Amino acid sequence: AQSVTQPDIHITVSEGASLELRCNYSYGATPYLFWYVQSPGQGLQLLLKYFSGDTLVQGIKGFEAEFKRSQSSFNLRKPSVHWSDAAEYFCAVVPRRGYSTLTFGKGTMLLVSP
Amino acid sequence: EAGVAQSPRYKIIEKRQSVAFWCNPISGHATLYWYQQILGQGPKLLIQFQNNGVVDDSQLPKDRFSAERLKGVDSTLKIQPAKLEDSAVYLCASSSIPMGQMNTEAFFGQGTRLTVV
């Protein structure tokens with residue numbers, strides 16, 4: 001079955017430390033890949049997206065993600081976390097065909113400790 | 001550029017009552033989506049419109065949920081009658097072209113938080 005998995009429900013990182021959030025997908029063909037962030041009471045904001053080409057994608061707010069076809073993964077990274085990064089992060093995929101829609105993982109809640 | 005507008009932001013109703021949510025997408029966006037986000041889960045697609053036509057409503061509980069986009073611009077999602085398990089955030093999103101095409105992006109509104117008591 002097609003699915004998106006975010007194995008970590010919660011992650012706590014110290015401010016200034018590096019961050020990696022995991023995302024794995026199970027689809028017949030590589031889908032389009034996205035990372036969204038949701039702050040409390042807010043909608044979803046797109047951090048970055050991957051369609052093709054360079055497998056290391058740069059996004060907003062200092063985030064990047066690396067697509068690894070062999071591992072069916074699209075992990076999100078940030079070298080130094082700020083307290084304002086505390087939020088919920090969602091990996092999402094879209095199959096590569098006309099009227100496909102976003103399918104989201106269950107999300108990873110990021111907590112930032114002082 | 002104005003974003004996706006949704007109203008109301010919050011709604012509390014009793015079970016078996018009805019409720020409606022409104023969404024105005026980004027100007028010119030032909031594709032509109034309604035998602036349901038239950039606490040602790042990722043958003044789940046309820047319905048997708050392309051202009052004023054329904055493209056995908058396979059996950060819409062049609063016995064109680066309905067949605068329309070009559071003029072191909074703004075949209076209304078209705079629940080009648082509501083159940084306790086309908087408590088969730090209802091997110092509206094829009095994109096200029098369908099998401100299955102390359103180099104597209106969906107923009108989300110702030111959502112409506114529904115509590116059914």
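The values are calculated or read from the model by the stated rules, or taken from the named source; none is laboratory data. What you see is a predicted model, and the numbers here were worked out from it, not measured in a lab. No Cβ is skipped: glycine too gets one built from the backbone with ideal geometry, and neighbour counts run over all protein chains shown.
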Taking region A:24-50 and keeping residues part of a loop (DSSP other than H, G, I, E, B), surrounded by 16 or more Cβ atoms within 10 Å (Cβ to Cβ) and within 11 Å of chain B (Cβ to nearest Cβ) leaves A:P31, A:G43
Those residues of region B:9-44 that are in a strand (DSSP E or B), facing chain A (nearest Cβ under 10 Å) and buried (at least 20 other Cβ atoms within 10 Å of the Cβ) come to a total of 4
| said: Regarding region A:32-50, can at least one residue be identified that is more than 25 Å from B:Q110 (Cα to Cα) and of a type in the set (G, A, S)? | reply: no
So, first residue on the phi < 0 side of the Ramachandran plot and away from chain B (no Cβ under 11 Å) in region A:1-22, second residue in a loop (DSSP other than H, G, I, E, B) and of a type in the set (D, E), Cβ within less than 9 Å, six or more apart or across chains; the pairs are A:L21/A:D8; A:R22/A:D8
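Regarding region B:55-66, can at least one residue be identified that is in contact with a strand residue (DSSP E or B) (Cβ under 9 Å, 6 or more places away or on another chain), of a type in the set (K, R), modelled with pLDDT of 95 or more and within 18 Å of B:G109 (Cα to Cα)?
Looking only at region B:55-66, we keep the residues that are in contact with a strand residue (DSSP E or B) (Cβ under 9 Å, 6 or more places away or on another chain), and these are B:55-61, B:64-66.
Next, from what is left, pick out any that are of a type in the set (K, R): B:64.
If we keep only those that are modelled with pLDDT of 95 or more as well, we get B:64.
Narrowing further to those that are within 18 Å of B:G109 (Cα to Cα): none.
No, every residue in region B:55-66 fails to be in contact with a strand residue (DSSP E or B) (Cβ under 9 Å, 6 or more places away or on another chain), of a type in the set (K, R), modelled with pLDDT of 95 or more and within 18 Å of B:G109 (Cα to Cα).
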Per the filter on region B:68-117, residues free of Cβ contacts under 8 Å to residues at least 24 places away in the same chain, at the interface with chain A (Cβ under 8 Å from one of its Cβ atoms) and of a type outside the set (G, A, S) are B:Q101, B:M102, B:N103, B:E105
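Report those strands (runs of 3 or more DSSP E) wholly inside region A:72-114 carrying at least 1 residues which are touching a Pro at 6+ places or on another chain (Cβ under 9 Å).
Details: elements: A:73-78, A:87-94, A:108-113.
Those strands (runs of 3 or more DSSP E) span A:87-94, A:108-113.
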